[in-house]
Amino acid sequence: CPPSVPSVPQCPPDPHFPVSPCPPVSPQCPHVSSVVPMSPGCPHVPPGPPCPVSPTPNSPFFPGLGWSFAFTSSLGAVSGWFPRCRALATGLAVSGAAVSGPAVAPLVPLALQAQGWRGALLLLAALALHMVPAGALLRPPRDPPSPVHPPLGLTGLLHHGPFLRYSLAFALLDGGYYVPFVHLAGHALELGLGRAGAALAVGAMAVSDGLGRLMSGWAAGRPSASLPTHLAAWTALTAAVAPLFPVAGGAAALVTLAAIYGFCAGAVATLQFSGVAEVAGAGREGLAIGVMQMVESVGSLAGPPLAGWLRDVTGDFGLSFVMAGAFLMSSCLLILTLPREPRPGPPRDPQPPPFNRGVL
C-alpha cells in the first residue's frame, strides 16, 4: 500500500469486549481499515484510499484470443493433412494437454514461491512462446482432398442442419463434461480423503484422459462403424460414469471411477474434432471448428457454476454429478440424429509443397 496510508491504531482494552480489537484491516489492503460494527470502547475508523490496482482489464482477453487462434488453426491443419487417419492424428495432437497439465501443474506453486505471481506468469508465457516457431512450420496441403459437398462459408454453416445439431450437441455435452474435472477434488475432500486422496483422483483422471484420446483415435480409424457412432458410444459411457461419483465411498472406488471417466472423456475430445470434417464436409474444418467452439462455450461457462450452485443448495455434490450425466446423455441422443453415410475407402494423404529454405 502507499506509504501515505497510516496504519490503524489499536483501541485500549475493553472489559466488556476483551477480544475485540479495532476494526479488522481490509483484505485488499492491510493498512486500510474497513467500517464494521465496533465495541463501545473503539470508534469507527473510516477507510483510507484503496490499494493501487494495475489497470489490466483486458489481460485475460489476449491469452484466450491467442489460444483460440493456435488451437483452431492447429486442428484444422491436422485434419487437412491426414484425411486417411484423421481421428488418430487428432488424438495425437490433443493428447499433449494430458501430458503438459500434470507436468506443469506441480511446478506452478514452486514458481509462485520463488518468483511471485508476476514471475510465474512470465515463466508460463515463456513456456507458451514455443507455439510461435511451431506455428510458423504449419503449412496448408498443396492439393487438399476435394470436398464431398460444395464449400460453405460462415452463412452456409449456420444453415447446415447436421452441423448445427453437432454444435448444439457439444454445447449440451460441455454443460456436464467439465463438472468432474472442476469439482472432483472438492468432492474428494468432502469424503474425507484429504488433499493426497484428492490429488490422486485428479491425477488418475488426467493420465487416463490422455490414454483415452489415443485409443479412441485408433479405434475410430477401423471401418467397423461410422465416426458419429463411435462418438455417441463414448459419450454414453461418459454419461453413465458421471452420476456414479456420489456412490463412491472410498479412495479406491473414487480413483477407479475418476480413471474410467477420464478415459471416456478423453475419447470424446478426440472424436469431437475429428468428426467435424465428416459432418461439415472436408475442406472447411478450420471454420467449422471455430464456430463449433464458439457455440459450445455456452455449456462450458454454465456447467461448472451450475454444479457449484447445486452443491451449495443441496449440501453435497450428488445432484451436481447427476446433472452432469443428464447433460452428457442429452448430447448423446442428439448425436444419434446425425446422418451416417457409408465410409469411403481411405484417400491418399496430400503431398506437402516443396520446402523453401528461404522462408526460415
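The values are calculated or read from the model by the stated rules, or taken from the named source; none is laboratory data. Quantities reported herein were computed from a predicted structural model and do not represent experimental measurements. Methodologically, a virtual Cβ is constructed for each residue, glycine included, from the backbone with ideal geometry; neighbour enumeration extends over all protein chains shown. For the accessible areas, the whole protein counts, side chains as well, though only heavy atoms, and no ligand, DNA or RNA atoms are used. Shrake-Rupley method; radii C 1.70, N 1.55, O 1.52, S 1.80 Å.
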Could you give the distance between the Cα centres of the range 298-317 and the range 152-206, to the whole Å? 12 Å
Inter-centroid distance (Cα atoms) of the range 209-274 relative to the range 62-105, Å: 18 Å
For a label point 7 angstrom out from the Cα of residue 199 toward its Cβ, which stretches of the range 175-189 have the backbone nitrogen within less than 17 Å? 184-189
Show me, bin by bin at 10 Å from 0, the whole-percent P(r) of the range 166-290 based on Cα pairs. 13, 41, 29, 13, 4, 0
At a Förster radius of 25 Å, what calculated FRET efficiency corresponds to the Cβ-Cβ distance of residue 190 and residue 114, to the nearest 0.05? 0.20
State the extension gain, in nm to one decimal, for the chain segment bounded by residue 128 and residue 312, taking 0.36 nm per residue of separation less the distance between their alpha-carbons. 62.6 nm
Would you calculate the separation in nanometres between label points at residue 68 and residue 105, each defined as 7 Å from the Cα along the Cα-to-beta-carbon direction? 2.6 nm
How long is the gain from residue 211 to residue 300 if the chain were fully straight, where each residue apart is worth 0.36 nm and the alpha carbon distance is subtracted? 29.8 nm
J(HN,Hα) series, the range 203-219, from Karplus relation 6.51 cos²θ - 1.76 cosθ + 1.60, nearest Hz, glycine and proline x: x, 5, 5, 5, 5, 5, 4, x, 5, x, 5, 6, 5, 5, x, 5, 5
Expected vector for the range 122-138, Karplus 3J(HN,Hα) from phi with 6.51, -1.76, 1.60 and θ = phi - 60°, integer Hz, x for Gly and Pro, equals 5, 5, 5, 5, 5, 5, 6, 5, 5, 5, 5, x, 5, x, 5, 7, 6
Just the accessible area per residue of the range 218-288, please: how many Å² with a 1.4 Å probe? 31 Å²
Heavy-atom accessible area order for 278, 296, largest first, 1.4 Å probe: 278, 296
